[in-house]
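S.K.: Before we start, here is the structure in question, set down as structure tokens.
The values are calculated or read from the model by the stated rules, or taken from the named source; none is laboratory data. Please read all numbers here as calculations on a predicted model, not as lab measurements. Because the Cβ atoms are built from the backbone with ideal geometry, glycine has one as well, and the counts that use them run over all protein chains shown. The accessibility values were calculated without ligands, DNA or RNA, using every heavy atom of the protein model including side chains. Shrake-Rupley method; radii C 1.70, N 1.55, O 1.52, S 1.80 Å.
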Amino acid sequence: MGAQIMFYILATVIVVFSFLAVTSRKVMRATVYLLFVLLATAGLYFIIDYNFMAGIQLIVYAGGIVALIVFAVMLTEKIGDKIESPSNMQMILAGLISIAGAGVTISVLLGHDFKQSTQNIGQNVATIGENLLNYGKDGYVLPFEVVSILLLASMIAAIVVAKRKFEN
Amino acid sequence: MDLSNFFSIMRGEIVLAAIILILLLAEIATKDKKKIVDLAIGLFLIHTIFGFFGVGEGVLFGGMFKASPIVNLFKNILNVGVLIILFQSASWVKGKLEEHNRVSEFYILLFASLLGMYYMISAGDFLMFYIGIEMASLPVAGLAAFDIYQKRSAEAALKYIFLAAITSGISLLGISFLYSASGTIFFDELKPFMTNDSLITLGFLFFLVGLLFKISIVPFHLWTADVYEGAPIGVTSYLSVISKGAAAFILIIILFTMAKPIMELWREVIYMLSILTMFIGNIFALRQKNMKRFLAFSSIAQAGFIILGMLSGTQLGMSAVVFFIATYIFSNLGAFGVVYAIANQSGKENMDDYNGFYRTNPLLSVLMMLALFSLAGIPPVAGFFGKFFLFMSAASAGYYWLILFAVINVTISLYYYLLVVRAMFVRQNDNPIPAFKSDVYMKIGLILPAIGIFVLGLYSPIYEHINELVGMFLK
């Protein structure tokens, strides 16, 4: 019962602040709203007793990503300015499409007969670590290594954008 | 896991990753940055040649990585395309050295993106697929911004990365639906769950969005023209040929294996999108004056033909699509190569500038004509057989109306391809683009597609080889 009440509170927080984050016309405020969404998501992981994922969510998303976004926003000019509002026509069309998309998705999700997972998701960190280094069926060493190349490539792409002209 | 087995199956990926690391070290070690261009091309040439010999087949990492002869062939086709782009872009990279101060970065990003495509088409589950598709597109955004001091180049990169992020987000949502309905992300294990269940259907459609965006199928095509026009030409040809080809390869693998049970569903989707894509691509191509935009819309229309071949769902259909993509790579790279050579020398990109081009540069004009005829599908060059097999496979499945639409589109496309030919051969010009000579690399980069166009058109064992590999794969 307690878990259920917590779930509804967190879900409300996620929905309300997601909505605020995309509708806010000030970049800095949108970032802060996003922070609440990410924190509440971590709360959901705690409810299902998936502590490792909740920790990751807090450290990487709420801690790292939001801090990064804040830095990026601070470095851009005119953070106080309001973003231009889209025209009424655009708002109506986008609204209709969003409602239609959400309607279809929600009705499908509600209509589906979900089976309760039998997998033990409350794994401890030791098993997760072993899986990361395992090259068998449940192992993740290949994605782990490939992601590292992806990160390298992303860094180099960032350098391409940021590098100055050639100077002797 | 047997180590020698591992090195044999994943050799292409390991070698390409090693090339990336060597280039990183070379950037530190050498002062003469022009040498890096030669080094990158040399290493990749060796990699391409050895790709044709003795790459093993099998499954690694518990089914996450799969290699079969047809997948290795896909990688070889992509390798050849990238090699041609490397040759064509060499003089551009060298010439803009002072301005850019970026040499090894160009090659590292290009190879990293190609490595992502390798993992994408070898993927056995959605995790590797998703990492692969991200790795294939993120570095390309960096490449599109390579001319960073030109506003349109930066704009192209931004447009590409935003739209790629949105579509891969939708794709990821679809994958999560598939996972929540089945409890697995492995393609093989998902197959029995592929039914007409509404969650599976919705998940699969969402998942398709990411791939259709990469192939620039209408209605996910809006980024194509702006990004193609803004990005440097080498990157544009990479996007229009390699990126599109790789996405089409994995799409056909997924449709023909994992999604085979829900064929009736995706058939309808692909049918509608194919017609839309052909018509919209062609009608917009008619109005273009800039050659890069022109080729962008023509490549949208070609994408409509690519997915047309997937409709039959048979061995014939898959062979036709693979063969068509191979011919498309050579034809489009031939056309882009000529545009590249002209832009390098004179900076001109508009169709009107090409007036009277035959009088000053006959060889380039003939190559351009060949490439455009191949794109349009005029015999005896490769494009004719590519389209012929596609239509044959669609006819075998009874899609006669679709073939009628496709033939109408071939006619429209023939008209606008001939516009370029007319500009070069017939039209007079008081000051045409002067005669110029390209460097050795560019010459090789132009000769290779020409050879490809003829060999694929006249040497039939290639198609039979593809057909045989496809047969082994689908069995």
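S.K.: How many of the residues making up the range B:58-83 are among the aliphatic types (A, V, I, L, M) and not in a helix (DSSP H, G or I)? Before you say what the answer is, go through the steps one by one.
M.R.: Our first condition is that a residue be among the aliphatic types (A, V, I, L, M); within the range B:58-83, this holds for B:59-60, B:64, B:67, B:70-71, B:73, B:77-78, B:80, B:82-83.
From what is left, the residues that are not in a helix (DSSP H, G or I) are B:59-60, B:64, B:67.
Number satisfying all stated conditions: 4.
S.K.: So, in the range B:158-187, how many residues would count as being of a type in the set (D, E, K, R) and open to solvent by 70 Å² or more (accessible area, probe 1.4 Å)? Spell out the reasoning first.
M.R.: Looking only at the range B:158-187, we keep the residues that are of a type in the set (D, E, K, R), and these are B:159.
Narrowing further to those that are open to solvent by 70 Å² or more (accessible area, probe 1.4 Å): none.
Of the residues in the range B:158-187, 0 are of a type in the set (D, E, K, R) and open to solvent by 70 Å² or more (accessible area, probe 1.4 Å).
S.K.: I need the full set of residues from the range B:259-277 which are crowded, with 21+ Cβ neighbours inside 10 Å and over 16 Å from B:Ile325 (Cβ atoms), in order please.
M.R.: Once the filter is applied, which keeps residues that are crowded, with 21+ Cβ neighbours inside 10 Å and over 16 Å from B:Ile325 (Cβ atoms), the range B:259-277 yields B:Ala259, B:Trp266, B:Leu273.
S.K.: Would you say B:Val55 is hydrophobic (A, V, I, L, M, F, W, C), open to solvent by 20 Å² or more (accessible area, probe 1.4 Å) and not in a helix (DSSP H, G or I)?
M.R.: Yes.
S.K.: Of the residues that sit in the range B:100-138 and are open to solvent by 10 Å² or more (accessible area, probe 1.4 Å) and at the interface with chain A (Cβ under 7 Å from one of its Cβ atoms), which one is farthest from B:Ala90 (Cα to Cα)?
M.R.: Among those residues, the one meeting the criterion is B:Leu127.
S.K.: Related question: State yes or no: is A:Leu20 touching a helix residue (DSSP H, G or I) at 6+ places or on another chain (Cβ under 8 Å), open to solvent by 50 Å² or more (accessible area, probe 1.4 Å) and either closer than 24 Å to A:Val73 by Cα or of a type in the set (Phe, Trp, Tyr) (or both)?
M.R.: Judged against the criteria, A:Leu20 is a match.
Residues checked against (1) within 19 Å of B:Ala301 (Cα to Cα); (2) in contact with a Lys or Arg (Cβ under 6 Å, 6 or more places away or on another chain); (3) polar (S, T, N, Q):
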site: B:Phe323; (1), (2), (3): yes, no, no
site: B:Gly337; (1), (2), (3): no, no, no
site: B:Asn350; (1), (2), (3): no, yes, yes
site: B:Ile378; (1), (2), (3): yes, no, no
site: B:Phe384; (1), (2), (3): yes, no, no
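S.K.: Across the range A:86-114, which residue is farthest from the other protein chains (Cβ to nearest Cβ) among those that are in contact with a helix residue (DSSP H, G or I) (Cβ under 8 Å, 6 or more places away or on another chain) and either open to solvent by 100 Å² or more (accessible area, probe 1.4 Å) or not in a helix (DSSP H, G or I) (or both)?
M.R.: Applying the filter and picking the extreme gives A:Pro86.
S.K.: Output the residues belonging to the range B:143-166 that are farther than 14 Å from B:Phe106 by Cβ and of a type in the set (Phe, Trp, Tyr).
M.R.: Those that are farther than 14 Å from B:Phe106 by Cβ and of a type in the set (Phe, Trp, Tyr): B:Tyr149, B:Tyr160, B:Phe162.
S.K.: Moving on to the next point. Out of all the residues in the range A:133-142, is one or more within 23 Å of the chain's Cα centre (by Cα) and at pLDDT 85 or above?
M.R.: So in the range A:133-142, the residues within 23 Å of the chain's Cα centre (by Cα) come out as A:140.
From the residues that got through so far, the ones that are at pLDDT 85 or above too are A:140.
Checked the range A:133-142: at least one residue is within 23 Å of the chain's Cα centre (by Cα) and at pLDDT 85 or above.
S.K.: Still on this structure, please answer the following. Just give me the residues in the range B:12-31 being modelled with pLDDT under 90 and either under 30 Å from A:Gly136 (Cα atoms) or basic (Lys, Arg) (or both), in sequence order.
M.R.: B:Lys31
S.K.: When you scan the range B:409-426, do you find a residue that is free of Cβ contacts under 8 Å to residues at least 60 places away in the same chain, closer than 30 Å to B:Glu268 by Cα and among the aliphatic types (A, V, I, L, M), even just one?
M.R.: yes
S.K.: Can you tell which of B:Ser240, B:Ser180, B:Ser216 is within 12 Å of another protein chain (Cβ to nearest Cβ) and not charged (D, E, K, R)?
M.R.: The match here is B:Ser180.
S.K.: Run down B:Ala18, B:Ala29 and say which single residue is closer than 20 Å to B:Ala136 by Cβ and either surrounded by fewer than 20 Cβ atoms within 10 Å (Cβ to Cβ) or within 14 Å of another protein chain (Cβ to nearest Cβ) (or both).
M.R.: Of B:Ala18, B:Ala29, the one residue that is closer than 20 Å to B:Ala136 by Cβ and either surrounded by fewer than 20 Cβ atoms within 10 Å (Cβ to Cβ) or within 14 Å of another protein chain (Cβ to nearest Cβ) (or both) is B:Ala18.
S.K.: Which count do you get for residues in the range B:342-367 that are among the hydrophobic types (A, V, I, L, M, F, W, C) and under 16 Å from B:Glu229 (Cα atoms)? Lay out the reasoning, then the answer.
M.R.: Restricting attention to the range B:342-367, the residues satisfying the condition of being among the hydrophobic types (A, V, I, L, M, F, W, C) are B:342-343, B:351, B:357, B:363-364, B:366-367.
Adding the requirement that they be under 16 Å from B:Glu229 (Cα atoms) leaves B:342-343, B:351.
The qualifying residues number 3.
S.K.: I'm trying to understand the selection: among the residues of the range B:139-157, which are more than 10 Å from chain A (Cβ to nearest Cβ), assigned to a helix (DSSP H, G or I) and open to solvent by 10 Å² or more (accessible area, probe 1.4 Å)?
M.R.: Listed by number, the residues that qualify are B:Lys151, B:Arg152, B:Glu155.
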